[in-house]
Structure formats: C-alpha cells, structure tokens
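The values are calculated or read from the model by the stated rules, or taken from the named source; none is laboratory data. Note that the structure is a prediction, hence the values are computed from the model and not measured. Neighbour counts are summed over all protein chains in view; Cβ atoms, including those assigned to glycine, are modelled from backbone coordinates with ideal geometry. Side chains are part of the model used for accessible areas, which takes the heavy atoms of the whole protein and leaves out ligands, DNA and RNA. Shrake-Rupley method; radii C 1.70, N 1.55, O 1.52, S 1.80 Å.
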Amino acid sequence: EAGVAQSPRYKIIEKRQSVAFWCNPISGHATLYWYQQILGQGPKLLIQFQNNGVVDDSQLPKDRFSAERLKGVDSTLKIQPAKLEDSAVYLCASSLNPLRGSETQYFGPGTRLLVL
Amino acid sequence: TQLLEQSPQFLSIQEGENLTVYCNSSSVFSSLQWYRQEPGEGPVLLVTVVTGGEVKKLKRLTFQFGDARKDSSLHITAAQPGDTGLYLCAGAAEFQGGSEKLVFGKGMKLTVNP
C-alpha cells in the first residue's frame, strides 16, 4: 500500500514570496491533516479536512495560509506571503476515518521550508 | 489549552542501557499515542493506549498509560542504535462532531551510541 506522498521535499524561498505544498493521501482515506513542525517542537495541527470539507482550521493563520482539498483527494497548502517564522517542516497525514479511539494517522515525509 | 510535557528532551546513551521517557499533562485524554520520527521522515505510530493503567509491550518497548489518563511513560530495555530518533507523545482530545484531535508534546530526541 502506498503511503502519504508530499512534494516538494525541500523548498527555500525569500520572505514575502509565496509557496505551495502538495499532498496525496493514502487511497480511500477520508480525513486529511496538515501539521506544522517547527524545529525542536512537536507537530501542530493547522487544518483538518473530512473529504473536501474543513473540520478544524482554528490554528491556521488565515491571513497568510490557505488550504484546499478539491474532490476530496489531493490537497494543497499555500503560504502567501511567507515570513521568517514560517520556516518549518509541513507534514501531511491521513486517516481512514476521523480520529477516534484507535484510529491511526499516517504521516508523509514532510516538506522542509526555509524562509530567508 | 491542553499541553503535553515530555522529559527528558534529549538523551544520549550507550547501546544496552535502559531508559524511560515521560509524558505529562494536567488534562485528561481519551487516548494517548507514541510516535517515533527519524530524520527526514514523518512520525510513525508505535502504539495507542486507551484505558487508564493500561500497559502495552512492543518487543523491547513498554508503554504505560496513567490511571487518570493524564500521563504516560515509554520504557526501552537494552537500547540499540536502531532506536535512535525523536519520540513523540500525542494526546487525543475531544473535538466537535464526535471526532478527536491530537495534541503533541515537543518530543524526546534519543541517540543510542554503539
């Protein structure tokens, strides 16, 4: 079974530029998550989709971050404009159902973003 | 805001030693998960504990969920270089619509030297 795919793996941009990340979840997984992991910290949930609807985006900085999941499969996360503090690893994860009990989230390898 | 504190944050030991990682919170979680994350990769789930007082074993790893479901520990026996990585605990908190969301600790970076 193929895992969660993310691209690009690495991205270096200058502040105030725009950047987009792509995620392809495990086939059949209805729930998709985007996390931000700053160096030395654990992942922080940015947004959760159930199919193509947003379940939770309470920690998404909506003035600069946006995400969509058209057709309930692939998802893109965009930052516009980027700030220095956005330097982090952006992890995508998926689960068959919304997280409950023993439901498992499967993580992709992440996209490492460096904002100069 | 629910927080999970992990200790120690860094640990460097020799092959064959034992170690324990702690994950503590003032909040109650419906379940708690432990992940290991290797450099350049995403976290991989090791175990989920659900019941207060529950103990689970995975080869040389022993996981325990506190009776009050606020804390957990991970004990590794006879550590090996392959155990090197970042160990993350994550508590599942009730959210809307009957689903849950994970709150992660900062992790414990383990280095096992040959």
Of everything in the stretch B:84-114, what is of a type in the set (Val, Ile, Thr), out of contact with any helix residue (DSSP H, G or I) (no Cβ under 7 Å at 6 or more places or on another chain) and at pLDDT 95 or above? Give them in sequence order. B:Thr84, B:Thr111
Working only within the stretch B:1-12, note down all residues that are surrounded by fewer than 16 Cβ atoms within 10 Å (Cβ to Cβ) and touching a residue at least 24 places away in the same chain (Cβ under 8 Å). B:Gln2, B:Leu3, B:Glu5, B:Ser7, B:Pro8, B:Gln9, B:Phe10, B:Ser12
If you scan the stretch B:65-114, which residues turn out to be assigned to a strand (DSSP E or B), among the basic types (Lys, Arg) and in contact (Cβ under 8 Å) with a residue 40 or more places away in the chain? B:Lys109
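Table: residues versus (1) closer than 22 Å to B:Leu102 by Cα; (2) more than 13 Å from chain B (Cβ to nearest Cβ); (3) in contact with a helix residue (DSSP H, G or I) (Cβ under 6 Å, 6 or more places away or on another chain).
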| position | (1), (2), (3) |
| --- | --- |
| A:Ala5 | yes, no, no |
| A:Arg9 | no, no, no |
| A:Lys15 | no, yes, yes |
| A:Cys23 | yes, no, no |
| A:Tyr35 | yes, no, no |
| A:Phe49 | yes, no, no |
| A:Arg64 | no, yes, no |
| A:Thr76 | yes, yes, no |
Residue hits (the stretch B:32-80; within 12 Å of chain A (Cβ to nearest Cβ) and open to solvent by 80 Å² or more (accessible area, probe 1.4 Å)) are B:Glu38, B:Pro39, B:Glu41, B:Val44, B:Thr51
Looking only at the stretch A:30-43, decide whether some residue is farther than 27 Å from B:Gln9 by Cβ and surrounded by fewer than 20 Cβ atoms within 10 Å (Cβ to Cβ). yes
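For (1) touching a Leu at 6+ places or on another chain (Cβ under 7 Å); (2) open to solvent by 10 Å² or more (accessible area, probe 1.4 Å); (3) of a type outside the set (Lys, Arg); (4) in contact (Cβ under 8 Å) with a residue 24 or more places away in the chain, each residue gets a yes or a no:
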site	(1), (2), (3), (4)
A:Phe49	yes, no, yes, yes
A:Asp63	no, yes, yes, no
A:Pro81	no, yes, yes, yes
A:Leu96	no, yes, yes, yes
Filter result for A:Ala88 (in contact with a Phe, Trp or Tyr (Cβ under 8 Å, 6 or more places away or on another chain), at pLDDT 95 or above, open to solvent by less than 30 Å² (accessible area, probe 1.4 Å) and not acidic (Asp, Glu)): no
Among the residues of the stretch A:93-105 satisfying the criterion of being under 25 Å from B:Gly40 (Cβ atoms) and more than 8 Å from chain B (Cβ to nearest Cβ), which is modelled with the lowest pLDDT? A:Ser95
Of the residues that make up the stretch A:83-94, is at least one farther than 21 Å from B:Phe104 by Cα and either of a type in the set (Ser, Thr, Tyr) or touching a strand residue (DSSP E or B) at 6+ places or on another chain (Cβ under 8 Å) (or both)? yes
